[in-house]
Protein chains: 2
Amino acid sequence: MPRGNSVTIREVARRAGVSIATVSYVLNESAPISEETRARVLAAAAELGYRPSALARGLRARQSHTIGYSWHHVPRDRWHPILDPFLYSIAQAAEAEGYHILTFAQPADGDPWRPYQELMLTGRVDGFILSETNRDDPRIRYLLDHNFPFVAFGRANEEWDFPYVDVDNAAGTRMAVEHLTALGHWRIAVIAWPEDSLTGSYRLQGYLEGMAAAGLSVDPEWIVRTEHSEAAGRQAMQALLALPPDRRPTAVVTMSDLMAIGAMNALYEAGLQPGRDVSIVGFDDVPMAQYLRPPLTTLRQPIAEVGAKVVEMLLRLIRGEPLPERRVLLMPRLIVRESSGPHPSSGG
Amino acid sequence: MPRGNSVTIREVARRAGVSIATVSYVLNESAPISEETRARVLAAAAELGYRPSALARGLRARQSHTIGYSWHHVPRDRWHPILDPFLYSIAQAAEAEGYHILTFAQPADGDPWRPYQELMLTGRVDGFILSETNRDDPRIRYLLDHNFPFVAFGRANEEWDFPYVDVDNAAGTRMAVEHLTALGHWRIAVIAWPEDSLTGSYRLQGYLEGMAAAGLSVDPEWIVRTEHSEAAGRQAMQALLALPPDRRPTAVVTMSDLMAIGAMNALYEAGLQPGRDVSIVGFDDVPMAQYLRPPLTTLRQPIAEVGAKVVEMLLRLIRGEPLPERRVLLMPRLIVRESSGPHPSSGG
DNA sequence: GGGCATAACTGAAACGTTTCAATTCCTGGG
DNA sequence: CCCAGGAATTGAAACGTTTCAGTTATGCCC
């Protein structure tokens, strides 16, 4: 059962009539070799279909040319707006540089840094890409302590100095508020995440900044903090609708499309029409957003760019090159659809 | 810059006062070693935090303990219902057996088997998991020709003999039809995929079988073939609504939730209510399905089971163990929600 | 008490590379 | 004609394991 073939550098050397050292030098262009020998080696390698063993190469060079990325479990009733395209973009960017992505499952229990430690100690990966970071992320702490190369998609504790790429979440919600004020809204609520969510705090901050910039005051009741689910979004919207008419918001900024969907469903249940009676803005631009009724106004994250940037930075770290920028923020883009419309009073 | 530490078997041996061979035997339990020595070695290994180098081990043993899985690009306006949970389940199942998943991007152009060849020849992976198979899949052809271990999620050419796990798509649509006939429907249409889709042909076949089993005749106009997108589903539904009243279907089985959403949107645009005027059944049970208005009746694929099964089979192949079953079909499950309801006449 | 099987352990080869240090072969200067 | 010096090439070590083939010690039988 020949699995794979297995032509080695030795056979190439024999066929080309040179030493294995010469073959290595030709293939890696790491020493001056005469044009004639070079051609002979290349020909021999091509004829035999030779490909150097990644394992042997890695052992000798002490690197695996592999990047670790952990895959997070997402419960069935939610979905993760970025995992999919993010993985694709990092895989692609890495492969262009001869690296591959090793995905591993983040177990639900136990120390989150365990799998990282294992991959690190066994020499399976040269660096990590992290996502789903949180404030005092133990994984970041661990990797920093052990001085192992990594780049995060997302921020953490402000005191920790580590390379990351993140979307400018605050700018996103600020744009959302600007968009709504431009449509004539002034009673704008926000359905936010719990305090322990770092991303949530940036998004909430953007909302507050946007309101301040527009000279609008914020009723404390307009800020509803709740978990990331459709049901939570729905309940939050119900709470907002229960406010007295003169304090009831006409527009709502949400932390995610999933929560926006919940909010819209609450509106329907109350006999209201999203985009006409109450405007809704989501965050993420999940594929579904455009097919909702009405299609959802939302903020699209530049996932592919984040992926490319993260890989570029990580490879620099791995290669020991200097990093021009350790903290990169990329702008989201507001996608305006019909779930946000003019203030009700202006329409009639 | 110490990246990772790098305690080797040699240091463990020295600390335990034995040869490196003994250490290896203890750690792999591959030779009889006295209890006393064993304890000393284990202690030394633990104190030093020793983990064997995966590269060295792989080089010597000629295996990487890695499984390749290619990641497919999905255009922004669609989403892939299975990639996400599937990857998680195979990563988890593989890790339980000491294997890891190497994900690589399937390039849009060029021979589809190229990346497989590369990983195979460089010895980076011991086997592959394929998904998104099609009828004469060149990747399957290539791997069969080169006798390299792989298991597919999905079938291909019936003539090719290779190990796969698939969902019983025909059973799924058969269940959908049964469900609809039980609700009193008899004019049941199907929005199907183009002829070149293998999965589509199984699902269509299930519909036909379901109709036949119920003793219902199928109007050729009830079978609309179109591509996998929301817009296509919408147009297909419009075409069905344009049929004369006595031939217009009261229920529609679709190939995917995405197309079901398109169909529901077409109903809304025509002033009709999905689940009341026309029943709709999707396929996949994407996370969004339950939050649609109305929530979508659909077929849930047992993705986690498929992943576990695929990994189990692949590891057997890699280890040279016999495969008890080379062709596994797993049943989908009908999730009944409100997009399917009783035949309109019965309600009023 | 000598021979012999068995248990416990070790030395060294091998896996397939890269790369250091050494060797060969030229060429040109003195 | 000899030698220095550079270009091209090679032999061999090293990367960190596993495992084959010994080697040593121990106990047992006749």
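The values are calculated or read from the model by the stated rules, or taken from the named source; none is laboratory data. On a predicted model such as this, the values are computed, not experimentally measured, just so you know. Neighbour counts run over all protein chains shown; Cβ positions are idealised from the backbone, glycine included. Heavy atoms of the whole protein, side chains included, go into the accessibility calculation; ligands, DNA and RNA do not. Shrake-Rupley method; radii C 1.70, N 1.55, O 1.52, S 1.80 Å.
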Which of the residues spanning the stretch A:143-152 are touching a residue at least 24 places away in the same chain (Cβ under 8 Å) and open to solvent by 20 Å² or more (accessible area, probe 1.4 Å)?
A:H146
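Could you count how many residues in the stretch B:50-64 are open to solvent by less than 50 Å² (accessible area, probe 1.4 Å), within 11 Å of DNA strand D (Cβ to nearest atom) and either among the aliphatic types (A, V, I, L, M) or outside any helix (DSSP H, G or I) (or both)? Spell out how you get there, then give the answer.
As a first pass, look at the stretch B:50-64 and keep what is open to solvent by less than 50 Å² (accessible area, probe 1.4 Å): B:50, B:52-56, B:58, B:64.
Still in the list and also within 11 Å of DNA strand D (Cβ to nearest atom): B:50, B:52-56, B:58.
Next, only the ones that are either among the aliphatic types (A, V, I, L, M) or outside any helix (DSSP H, G or I) (or both) stay: B:50, B:52-56.
Number of matching residues: 6.
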May I ask you to list the residues in the stretch B:134-165 that are within 14 Å of chain A (Cβ to nearest Cβ) and part of a loop (DSSP other than H, G, I, E, B)?
B:H146, B:N147, B:F148, B:P149
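Given the structure, is B:E47 touching a residue at least 24 places away in the same chain (Cβ under 8 Å) and either surrounded by fewer than 20 Cβ atoms within 10 Å (Cβ to Cβ) or outside any helix (DSSP H, G or I) (or both)?
On the way: touching a residue at least 24 places away in the same chain (Cβ under 8 Å): yes; either surrounded by fewer than 20 Cβ atoms within 10 Å (Cβ to Cβ) or outside any helix (DSSP H, G or I) (or both): yes.
Judged against the criteria, B:E47 is a match.
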Residues in the stretch A:1-17 that are outside any helix (DSSP H, G or I) and within 11 Å of DNA strand C (Cβ to nearest atom) total 5
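Only one of A:R78, A:R60, A:R38 is under 21 Å from A:P149 (Cα atoms) and of a type in the set (K, R); which?
Values: A:R78 fails: under 21 Å from A:P149 (Cα atoms); A:R38 fails: under 21 Å from A:P149 (Cα atoms).
Only one candidate passes the filter, namely A:R60.
I'd like to check something: does the stretch A:92-112 contain any residue that is within 12 Å of chain B (Cβ to nearest Cβ) and among the β-branched types (V, I, T)?
Yes, the conditions are met somewhere in the stretch A:92-112.
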Within the stretch A:291-322, restricting to residues that are farther than 23 Å from A:T173 by Cα and touching a Pro at 6+ places or on another chain (Cβ under 6 Å), the one that is farthest from the other protein chains (Cβ to nearest Cβ) is A:M313
May I ask you to say which residue of A:A31, A:A13 is open to solvent by less than 50 Å² (accessible area, probe 1.4 Å), within 10 Å of DNA strand D (Cβ to nearest atom), more than 30 Å from B:W71 (Cβ to Cβ) and modelled with pLDDT under 95?
A:A31
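How do the strands (runs of 3 or more DSSP E) wholly within the stretch A:273-348 filter down when requiring 3 or more residues that are surrounded by fewer than 24 Cβ atoms within 10 Å (Cβ to Cβ): which remain? Don't jump to the end; show me each part of the working.
Values: elements: A:279-281, A:298-300, A:327-330, A:333-335.
Fully inside the stretch A:273-348 and qualifying: A:327-330, A:333-335.
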I want to confirm something. Restricting to the stretch B:65-105 and keeping residues that are over 30 Å from A:Y291 (Cβ atoms) and in a strand (DSSP E or B), which single residue is most open to solvent (accessible area, probe 1.4 Å)?
B:H100
Could you please let me know if B:G206 is crowded, with 19+ Cβ neighbours inside 10 Å and within 25 Å of A:S6 (Cβ to Cβ)?
no
Quick check on B:A192: is it open to solvent by 40 Å² or more (accessible area, probe 1.4 Å) and among the small types (G, A, S)?
no
From the set of residues in the stretch A:106-133 that are in contact with an Asp or Glu (Cβ under 9 Å, 6 or more places away or on another chain) and part of a helix (DSSP H, G or I), which is most open to solvent (accessible area, probe 1.4 Å)?
A:Q117
Scan of the stretch A:237-268 for residues that are open to solvent by 10 Å² or more (accessible area, probe 1.4 Å), away from chain B (no Cβ under 11 Å), farther than 20 Å from A:V177 by Cα and in a helix (DSSP H, G or I), ordered by number
A:Q238, A:A239, A:P245
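For A:T181, state whether it is open to solvent by 30 Å² or more (accessible area, probe 1.4 Å) and more than 17 Å from A:T199 (Cβ to Cβ).
Working: open to solvent by 30 Å² or more (accessible area, probe 1.4 Å): yes; more than 17 Å from A:T199 (Cβ to Cβ): yes.
It is true that A:T181 is open to solvent by 30 Å² or more (accessible area, probe 1.4 Å) and more than 17 Å from A:T199 (Cβ to Cβ).
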Residues of the stretch B:269-289 classified as within 11 Å of chain A (Cβ to nearest Cβ) and either farther than 25 Å from B:G210 by Cα or acidic (D, E) (or both), total:
4
Only one of B:H65, B:H72 is within 13 Å of chain A (Cβ to nearest Cβ) and away from DNA strand C (no atom under 16 Å from the Cβ); which?
B:H72
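Please determine, by comparing only the residues of the stretch A:22-40 that are polar (S, T, N, Q) and near DNA strand C (Cβ under 7 Å from one of its atoms), which one is farthest from the other protein chains (Cβ to nearest Cβ). Break it down stepwise before answering.
Step one: of the stretch A:22-40, the residues polar (S, T, N, Q) are A:22, A:24, A:28, A:30, A:34, A:37.
With the extra rule that they be near DNA strand C (Cβ under 7 Å from one of its atoms), the set shrinks to A:24, A:28, A:30.
Numbers: A:S24: 15, A:N28: 14, A:S30: 18 Å.
By that ranking, first place goes to A:S30.
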Output for the stretch B:18-28, where each listed residue is surrounded by 18 or more Cβ atoms within 10 Å (Cβ to Cβ) and part of a loop (DSSP other than H, G, I, E, B)
B:V18
Identify, from the list B:T199, B:T226, the residue that is buried (at least 19 other Cβ atoms within 10 Å of the Cβ), in contact (Cβ under 8 Å) with a residue 40 or more places away in the chain and on the phi < 0 side of the Ramachandran plot.
B:T199
